[in-house]
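To start, the structure under review is shown below, and the notes come after it.
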Amino acid sequence: MQHRHVDRQQYFDEQVESAGKFLLPYIRDAAPSLKKSSRVLEIGCGEGGNLVPFLELGCECYGIEFYEESYHNAITFHAKLSDNQRLHLINDDVYNITHQDLGGKFDVVFLRDVLEHIPAQEVFMQHLKQFLQPDGVVFFAFPPWRMPFGGHQQICKHRFLSKLPYFHILPAKIYERILNMCGENPKGLLEIKRTGMSINRFKRIIRKENYTIIKHTHWFINPNYEVKFGLKPQKLPKILQIPFLQDFYTTAVYYLCGLF
């Protein structure tokens with residue numbers, strides 16, 4: 001486990017920086033209408049660091065967070081910022097919320113490193129539609145399940161397991177046994193194993209639900225790694241974008257979609 005997984009203020013600050021450098025520009029490039037009057041929703045906002053660049057732009061921002069601890073951290077961290085009067089935080093399961101509960105639909109909805117944690121993702125994609133304005137966009141960023149650390153094993157307390165790539169793709173019973181042997185609580189990691197998302201499965205779901213892909217990028221080196229590890233982001237060459245195989249070496253995908 002890295003220090004940032006314990007120090008949530010550091011994690012928040014890193015989210016602010018990387019969202020400002022990569023997430024907001026990526027969305028604005030294809031949605032230039034994003035402006036002060038825009039309504040923005042983040043699903044699975046955690047401590048809310050990703051929303052800061054949108055608040056600074058002047059947007060009305062909403063964040064839904066399931067975990068109570070992260071929700072209270074978000075309130076604490078944003079209380080120090082001057083733009084928090086346009087921030088609305090909700091501590092609940094997204095499945096319990098409708099767009100009417102949030103005062104209407106949104107110009108931008110985004111999920112960053114969240115989709116791979118949501119159960120019943122096919123149902124979620126249907127539920128998600130209600131939050132979008134007719135010309136609104138939804139941004140997805142997630143690590144493909146089979147990438148080296150797609151099981152999020154970097155959060156393990158065991159020093160060796162936290163640095164061991166690919167072992168999360170072992171059969172579930174073997175994976176659980178290894179986690180137990182090393183003193184890890186397997187519950188959360190097994191949940192991620194059940195909900196992990198591959199690139200092909202994601203594309204099948206969005207096609208089925210009639211989302212339009214506006215643009216997408218497959219990353220060999222995740223843009224987040226620049227802030228976390230000082231590594232320069234690198235797109236995956238098209239020659240290596242091979243169905244199924246690309247999941248093993250693509251560290252993140254970005255998809256910007258609409259319903260038009």
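What single numbered condition from (1) surrounded by fewer than 16 Cβ atoms within 10 Å (Cβ to Cβ); (2) within 25 Å of Leu102 (Cα to Cα); (3) free of Cβ contacts under 8 Å to residues at least 40 places away in the same chain fails to hold for Phe124?
It fails just one condition, (1).
Is it true that some residue in the stretch 66-85 is in contact with a strand residue (DSSP E or B) (Cβ under 7 Å, 6 or more places away or on another chain), open to solvent by less than 20 Å² (accessible area, probe 1.4 Å) and under 17 Å from Val137 (Cβ atoms)? Working first, answer last.
At the first step, the residues of the stretch 66-85 found to be in contact with a strand residue (DSSP E or B) (Cβ under 7 Å, 6 or more places away or on another chain) are 68, 71, 74-75, 78.
Then drop every residue that is not open to solvent by less than 20 Å² (accessible area, probe 1.4 Å), which leaves 74, 78.
Still in the list and also under 17 Å from Val137 (Cβ atoms): none.
Taking every residue of the stretch 66-85 in turn, none turns out to be in contact with a strand residue (DSSP E or B) (Cβ under 7 Å, 6 or more places away or on another chain), open to solvent by less than 20 Å² (accessible area, probe 1.4 Å) and under 17 Å from Val137 (Cβ atoms).
Just give me the residues in the stretch 147-163 being open to solvent by less than 10 Å² (accessible area, probe 1.4 Å), in a loop (DSSP other than H, G, I, E, B), touching a helix residue (DSSP H, G or I) at 6+ places or on another chain (Cβ under 6 Å) and not hydrophobic (A, V, I, L, M, F, W, C), in sequence order.
Scanning the stretch 147-163 gives a single hit, Gly151.
Determine whether the stretch 165-183 contains at least one residue that is touching a strand residue (DSSP E or B) at 6+ places or on another chain (Cβ under 7 Å) and within 18 Å of Pro144 (Cβ to Cβ).
As a first pass, look at the stretch 165-183 and keep what is touching a strand residue (DSSP E or B) at 6+ places or on another chain (Cβ under 7 Å): none.
No, the stretch 165-183 contains no residue that is touching a strand residue (DSSP E or B) at 6+ places or on another chain (Cβ under 7 Å) and within 18 Å of Pro144 (Cβ to Cβ).
Need the failing condition index for Glu47 against (1) out of contact with any Lys or Arg (no Cβ under 8 Å at 6 or more places or on another chain); (2) closer than 30 Å to Ser162 by Cα; (3) open to solvent by less than 30 Å² (accessible area, probe 1.4 Å); (4) not polar (S, T, N, Q), just the number.
Every listed condition holds for Glu47 apart from (1).
Out of the stretch 188-227, which residues are loosely packed, with under 15 Cβ neighbours inside 10 Å and at pLDDT below 95?
Correct list: Gly188 only.
Could you give every pair whose Cβ atoms fall below 8 Å, whose first residue belongs to the stretch 98-113 and is over 30 Å from Met147 (Cβ atoms) and of a type in the set (S, T, N, Q), and whose second residue is modelled with pLDDT of 95 or more and open to solvent by 20 Å² or more (accessible area, probe 1.4 Å), counting only separations of at least 6 or pairs across chains?
Close Cβ pairs (under 8 Å, with a partner that is modelled with pLDDT of 95 or more and open to solvent by 20 Å² or more (accessible area, probe 1.4 Å)) amount to Thr98/Gln130.
What residue, among those in the stretch 229-243 that are on the phi < 0 side of the Ramachandran plot and assigned to a loop (DSSP other than H, G, I, E, B), is least open to solvent (accessible area, probe 1.4 Å)? Lay out the reasoning, then the answer.
Just the residues of the stretch 229-243 that are on the phi < 0 side of the Ramachandran plot, to begin with: 229, 231-243.
Now narrow it down to the ones that are assigned to a loop (DSSP other than H, G, I, E, B): 231-233, 236-237, 241-243.
Working: Leu231: 80, Lys232: 161, Pro233: 30, Leu236: 7, Pro237: 58, Gln241: 52, Ile242: 69, Pro243: 86 Å².
Among residues in the stretch 229-243 that are on the phi < 0 side of the Ramachandran plot and assigned to a loop (DSSP other than H, G, I, E, B), the one least open to solvent (accessible area, probe 1.4 Å) is Leu236.
Could you list, in sequence order, the residues of the stretch 211-238 that are under 19 Å from Arg146 (Cβ atoms) and aliphatic (A, V, I, L, M)?
Result: Ile221, Leu236.
Kindly indicate which of Pro119, Pro144 is part of a loop (DSSP other than H, G, I, E, B), touching a residue at least 60 places away in the same chain (Cβ under 8 Å), open to solvent by less than 40 Å² (accessible area, probe 1.4 Å) and not hydrophobic (A, V, I, L, M, F, W, C).
Details: Pro119 fails: open to solvent by less than 40 Å² (accessible area, probe 1.4 Å).
Sole residue among the options that is part of a loop (DSSP other than H, G, I, E, B), touching a residue at least 60 places away in the same chain (Cβ under 8 Å), open to solvent by less than 40 Å² (accessible area, probe 1.4 Å) and not hydrophobic (A, V, I, L, M, F, W, C): Pro144.
If you take the residues of the stretch 209-228 that are in a helix (DSSP H, G or I) and under 15 Å from the mean Cα position of the chain (by Cα), which of them is farthest from Ser18 (Cα to Cα)?
Looking at the filtered set, the residue picked out is Tyr225.
The values are calculated or read from the model by the stated rules, or taken from the named source; none is laboratory data. Here the structure is a predicted model, which is why all the values come from computation and not from measurement. Every residue, glycine as well, gets a Cβ built from its backbone with ideal geometry; the counts of neighbours run over all protein chains shown. Accessible surface is based on the protein model in full, side chains and every heavy atom, while ligands, DNA and RNA are left aside. Shrake-Rupley method; radii C 1.70, N 1.55, O 1.52, S 1.80 Å.
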